[in-house]
Structures are given as structure tokens and as C-alpha cells.
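Novice: Handing you a structure now.
The values are calculated or read from the model by the stated rules, or taken from the named source; none is laboratory data. The structure displayed is predicted, hence computed values, not measured ones. Reconstructed Cβ throughout: ideal geometry from the backbone, glycine too, with neighbour counts over all protein chains shown. Protein only, heavy atoms only, side chains kept; ligands, DNA and RNA dropped before computing areas. Shrake-Rupley method; radii C 1.70, N 1.55, O 1.52, S 1.80 Å.
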Amino acid sequence: MKDITIEQISGIVQEASKLMHHSGFEIHDKGSRENLVTSSDIAVQHFLTGRLAALLPGCGFLCEEENLNDLQHSDVWIIDPIDGTANYARGNENCAISVALVRGGILTAGVVYSPWRNELYTAEKDTGAFLNGEPIRVSSRAFEDAILFTAMSTYRKEFAKACNDIIFDTYMQSNDVRRFGSAAVELCLMASGQAELYFEMRLQPWDYAAAGLVLQEAGGAVCTLDGEFPSLRKASLVVAGNNRSNAGRLLKIVHKYLEKVPY
Ligand code: IPD
Ligand code: CA
Ligand code: CA
């Protein structure tokens, strides 16, 4: 990136995190009791859109809150103001701000900042991935030794049975399963070698754009059912692995239970 730097984006994201608190925020649901938004999500998103628009005039935004879906620009920021809102609302540290930049359709930069874990993950396309400024790499563990990050399709429980089958099959072939409740944190933890597999039935681009780039730049593989990187415009099934071979094996398990994405 010639006109802006990853440090500028990171600085704005870290400033935004000052709007996250351990208490004193309002919590509302967004149509279902699982799907929460807090006053902090809204405040962080407003701060980020204001500052990032000033950094890159003429840009568009795809953001989780307030239906901000403005993709008709060559530069688009994809933002989840707080990923892991259910954790945040409970004071659980597994939550993060996620900001990705797509330029001319190419995922170019990603920043994931988890303030209470004190973890700043950054990546620019083709230049590697970093945790708090230090280079990170995926683990080299085999599928049989892998830990799977996953979820049961929290907001669309009609898909939970298929998730259960896929998770069980994978579990029987690998080491263990984890559910931390923030896709962005989990994908970044894979990037730093703490887990090897990821499956989620339905994520949004703001959940995985930034962390997906971090994971790829750390040597991992991220894809949807067709083996390509998941859509940067709409909801997608997401599979990831610490390498292409392990992601491919997990994808084969997913294909046993799903011929196509069921939404
Ligand atoms: C959620 C988290 C969670 C994942 C959900 C996401 P949110 O994001 O990433 O880990 O399982 O699918 O929607 O709602 O906390 O921003
Ligand atoms: Ca999210
Ligand atoms: Ca969110």
C-alpha cells in the first residue's frame, strides 16, 4: 500500500478499542435473543467509519451494524466493530475489532485487535502476518493432532444438525474441539499456531475478511465449499486449515454432509 500504512490502520483500530468497556454499555437483541448488539458495537463502528473515511477519501464500507453495505467503490473497508459480542456483553475477553481493506476486489490488508487479550494481529497481502509486530506462522501439526475451532450455527439453528455431524466426524479423526465465540480471534489463533482447523456453516465477510488474510499470510488456507476464498460480499460457509492439505481433508468431510450451501 503506497498511500496508507498498516500502522495507520492499526492505530485507528487501537484508538477505537478505548470505546470498549467491561461494563456500563447497553445490550439489545437484533431480532433473535442470540443475536446481540451493544452500545459499544455502535460506538466503535461510528468511530472507525469516520476515521477510515478520512484516511481513504471516496472509500466504501461493509459493516455489521446499521446495514452499512456500500460496496460500489474500488476501496472498501469490511468492519466488524466487535466480533464476539456475546462474549463482550458477558465480560469474556474473547472479542476483537476486525477491519479489512479490499482494493480493486483484492483483500489487501487486515487488522484484528483483541484489547483484553492484548493481541494485535496484522497482515498485508504477500508480506506475512504479525502478532504485536512479531512474525507468526501456522503450526505444522497433522490432521490427527489438530484442534478444530467451530460453532453450531448460533443464529440459524436449523443448520445445527449438519454442523453436529461435521464436527463429530472431524473430532473422531483429530485431537479435539474448541469454541471461543469469536471467529476473528479463532482464525488469528490458528495463524499463530494454536489450532489447526476451522469450520463454520455461516459467517459474514466482516467475521473472516481480516482474520482470513492474517491466516493466509501465516501459511494457512481459507476457503468455502468450492475450495475458493469465501465471498467478500455475502455470507459464506468457511473452512480453514493450517495448510492446504488439512483444509482439503476437512472440506471432504463437509462435502459428505452437504452437497451445497443450505442458504
Ligand atoms: C459471531 C462470532 C462467533 C461466530 C458467529 C459470529 P458476532 O460474531 O464470530 O464466533 O460463531 O457466527 O456471528 O455476532 O459476535 O459479531
Ligand atoms: Ca462477527
Ligand atoms: Ca459483531
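Novice: For K234, list the aspartates and glutamates whose Cα falls under 18 Å from its own Cα; do not include residues on the same chain fewer than 8 positions away.
Specialist: Candidates past the 8-residue exclusion: E64, E65, E66, D70, D75, D80, D83, E200, D207, D226.
Novice: Please work out the average accessible area per residue across segment 1-142, using the 1.4 Å probe convention, and give it in Å².
Specialist: Numbers: 6630 Å² over 142 residues.
Each residue of segment 1-142 exposes 47 Å² on average to a 1.4 Å probe.
Novice: Using a cut-off of 15 Å between beta-carbons, work out the net charge of the residues near E228 (Lys and Arg +1, Asp and Glu -1, E228 not included).
Specialist: Numbers: positive: R233, K234, R244, K260; negative: D226.
After counting each charged neighbour, the total is +3.
Novice: Give me the 1.4 Å probe accessible area per residue for segment 143-257, excluding ligands and nucleic acids, in Å².
Specialist: 37 Å²
Novice: A further question follows. In deg cm²/dmol, rounded to 500, what helix-only [θ] at 222 nm does the chain give when every DSSP H run of at least 4 residues adds -39500 (n - 2.57) and the total is split over its residues? It would help to have the intermediate numbers written out before the result.
Specialist: On the way: 7 runs with 83 residues, N = 263.
Calculated at 222 nm, the ellipticity per residue is -10000 deg cm²/dmol.
Novice: According to the square roots a ≥ b ≥ c of the eigenvalues of the Cα gyration tensor, what is the shape class of segment 47-182, taking rounded for a/c under 1.5, prolate for a/b larger than b/c otherwise, and oblate for the remainder?
Specialist: Taking the square roots of the gyration eigenvalues as a ≥ b ≥ c, segment 47-182 is prolate.
Novice: Shifting gears a bit: Tell me the volume per residue, in Å³, of the convex hull enclosing the alpha carbons of the chain.
Specialist: Dividing the Cα hull volume of the chain by its residue count gives 115 Å³.
Novice: Ignoring ligands, DNA and RNA, what percent of the 1.4 Å accessible area of segment 143-257 is carbon and sulfur?
Specialist: Result for segment 143-257: 49 percent of the exposed heavy-atom area is carbon or sulfur.
Novice: Shifting gears a bit: Straight distance only, please: which lysines reach the Cα of K161 with their own Cα at less than 18 Å, same-chain residues fewer than 8 apart left out?
Specialist: Candidates past the 8-residue exclusion: K252, K256, K260.
Novice: Something else now. Expressed as an acute angle from 0 to 90° and rounded to the nearest 10, what is the orientation of the C-alpha long axis of helix 205-217 relative to the principal long axis of the chain?
Specialist: 70 degrees
Novice: Please identify, among H73, H28, H46, the residue showing maximal mean-square fluctuation in a Gaussian network model of the chain using a 10 angstrom Cα cutoff.
Specialist: Result: H28 has the largest fluctuation of those listed.
Novice: With a ≥ b ≥ c the root eigenvalues of the C-alpha gyration tensor of segment 143-257, is it rounded (a/c under 1.5), prolate (a/b larger than b/c) or oblate?
Specialist: Rounded, because the longest to shortest axis ratio a/c is under 1.5.
Novice: Then there is this: Give me the angle, in degrees from 0 to 90, between the Cα long axis of helix 39-55 and the longest principal axis of the Cα atoms of the chain, rounded to the nearest 10.
Specialist: For 39-55 against the chain, the angle is about 70 degrees.
Novice: Could you give the distance between the Cα centres of segment 48-102 and segment 137-199, to the whole Å?
Specialist: Here the two parts' Cα centres lie 24 Å apart.
Novice: Same structure, new question: In straight Cα distance, which lysines are under 20 Å from K125, not counting same-chain residues fewer than 8 positions off?
Specialist: Correct list for K125: K2.
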